[in-house]
Each structure stands twice: as structure tokens, then as C-alpha cells.
Amino acid sequence: MQTPTALVTGGAQRIGRAISLALHQAGYAVGVHYHRSAAAAEALVAECNQRRPDSAQAVQADLGTIRGCHELTRQALQWPMHVLVNNAAVFRPTPMADISTADWDAILALNLRAPLELARGMAGALQGGSIINITDIYAHRPLQGHLLYCISQAGLTMCTQVLALELAPGVRVNAVAPGAILPPAGDTDRAQAIRQSIPLGGMGTPEDVAGAVLYLVRDAGYLSGQTLILDGGRLLPVPP
């Protein structure tokens, strides 16, 4: 791939797929990272390459390990890197009484350590480009029963700010914190309750997140160290 490249971690499905497609449609070559979703990644890459030959490539890595982070970095450094989108994450409940060392290792390694390792490894190649971290509104408001996930997202929010200082002026670093984007699977009552809590009246879409990423990459040249909260107003204070 010779065109300026955007690497999207967890880029084959759901929000990651929407981000990959938006960046590709904006003219970037796209590196679609995946861990286990090989079929989805290859299908997305084939779709992109059909539209524009040699404009997308799938790359596998387990970002829960340092070795996987280094291998993905090695692959990415073969491309003319311009954008890194740290989207891959694990979301699962960790009630405080049940937290194990394995939970700490799995959630913090993928959600916090991996974005930092990739940013450190690719910073030199990203000069003139940007890093976008996909965080969560639960970096700003706790979610009961998800202690480690909330910690990882709060940490990634601060990591965004520190990287923006460390990598300036050559690399801009920002984040997007989505609220309710995809409804909880199989829980229509919960989904309806969430919709009713959103001032704009409904959930967002993966394309909304992709649009925010594209704005930060393409149109926000004087913005760095910021988190764009994309929640339909859900974090607004509720009047008494």
C-alpha cells in the first residue's frame, strides 16, 4: 500500500468496520487489524480492494500481548502510516468481589497497554498525522459491575492527553468517547431504558463514530489532547 495509510485496530466488525470504511472512502489505504475475526476482516478488505485496488490489507495480532503489539507495529511500519485508530477493546463485567489477576491482565493489557505500545512504536512514522483513541463515556461516569473496564477507559483518556503532549508538534492525539451506539444484545427493556435516557432521543450508530473519527483526522488540524464525547447528550446533568 503506497497511499497514506490508516491502521484501525479491531477494524473488521461493528464500530471498527464503520471507521475502516469511512477512512477508506476518504482516500486512505486501510490496514484492518483483527484478532479472531479473520473472515470478517478478509471480506472487508476484499470490498475495499474491489473499489480501489491494493488499498486495504488485513493483519492479525493478539494485542493482549506485548509480542502481538510489536508484530502489528512491525507490519504497520512497512506502510506510509498517517493515522492510527486504537479501537480494539474488551468489554465485560468485573464485579469487585470477583476480580482476578487474569481479569486485570486481560482488560488492562488490551484496553490501555496496547494503545500506548502501538503509539510508542509508530510515533516516528506518524509525523504529520494523528492518533485517535476510541474510549467510552464510562471513562467519565462509572458503570456498576464494570470496575476494570471503567478504569481502563479513564486511563486511556489520560493517555490521550499525555501522548498529545509527548508527541507534539508532529502527531496530534485525540479521542472519541461513544455513548450508546449498539443496543445490548437480547435485552429490549434495557435498550428502551437507554434510549429514554438520551436527550437526542435514540442511540447513535457506528457511522456516527466513524464520522467523528474522520473529523478529528481530516478537519481538526488545531485540535489535540481532546476527547469528543459522542453520546447524544446522555452525560448532561439531569434537571431536578
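Structure notes:
- Just so you know, in the range 3-29 the residues that are more than 18 Å from Val176 (Cα to Cα) and in contact (Cβ under 8 Å) with a residue 60 or more places away in the chain include one that is surrounded by the most Cβ atoms within 10 Å (Cβ to Cβ), and it is Thr5.
- Condition met for Arg17 (under 28 Å from Leu143 (Cα atoms), of a type in the set (Lys, Arg) and assigned to a loop (DSSP other than H, G, I, E, B)): no
- Subset of the range 53-80 (residues that are more than 17 Å from Asn111 (Cα to Cα), surrounded by fewer than 14 Cβ atoms within 10 Å (Cβ to Cβ) and among the hydrophobic types (A, V, I, L, M, F, W, C)): Leu77
- Residue check, Ser152 of a type in the set (Ser, Thr, Tyr) and surrounded by fewer than 19 Cβ atoms within 10 Å (Cβ to Cβ): no
- For the residues Ala46, Ala88, Ala106, Ala114, the requirement of being out of contact with any strand residue (DSSP E or B) (no Cβ under 9 Å at 6 or more places or on another chain) and of a type in the set (A, V, I, L, M, F, W, C) singles out Ala106.
- All of (1) over 25 Å from Cys150 (Cα atoms); (2) of a type in the set (A, V, I, L, M); (3) in contact (Cβ under 8 Å) with a residue 12 or more places away in the chain hold for Ala39 with one exception: (3).
- Single condition Arg172 does not satisfy, out of (1) under 18 Å from Leu72 (Cβ atoms); (2) in contact with a Ser or Thr (Cβ under 8 Å, 6 or more places away or on another chain); (3) not hydroxyl-bearing (Ser, Thr, Tyr): (1)
- Of residues in the range 127-147 being surrounded by 22 or more Cβ atoms within 10 Å (Cβ to Cβ) and of a type outside the set (S, T, N, Q), the one nearest to the chain's Cα centre (by Cα): Ile134
- Test: Arg141 is at pLDDT below 95 and of a type in the set (Lys, Arg): yes
Okay, residues lined up against (1) touching a helix residue (DSSP H, G or I) at 6+ places or on another chain (Cβ under 8 Å); (2) of a type in the set (Gly, Ala, Ser); (3) closer than 30 Å to Val238 by Cβ; (4) assigned to a helix (DSSP H, G or I):
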{"position": "Ala119", "(1), (2), (3), (4)": "yes, yes, no, yes"}
{"position": "Ile131", "(1), (2), (3), (4)": "yes, no, no, no"}
{"position": "Thr157", "(1), (2), (3), (4)": "yes, no, yes, yes"}
{"position": "Leu182", "(1), (2), (3), (4)": "yes, no, yes, no"}
{"position": "Ala191", "(1), (2), (3), (4)": "no, yes, yes, yes"}
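- Among the residues making up the range 30-52, those that are buried (at least 21 other Cβ atoms within 10 Å of the Cβ), part of a helix (DSSP H, G or I) and out of contact with any Leu (no Cβ under 8 Å at 6 or more places or on another chain) are Ala41, Val45.
- Among the residues here, Asp219 qualifies as more than 14 Å from the chain's Cα centre (by Cα) and within 27 Å of His82 (Cα to Cα).
- Matching residues, the range 64-102, being over 16 Å from Val8 (Cβ atoms), assigned to a helix (DSSP H, G or I) and touching a Leu at 6+ places or on another chain (Cβ under 6 Å): Met96
The values are calculated or read from the model by the stated rules, or taken from the named source; none is laboratory data. Remember, it's a predicted structure, so these values are computed and weren't measured experimentally. Heads up, the Cβs are rebuilt from the backbone with ideal geometry, glycines too, and the neighbour counts pull from every protein chain shown.
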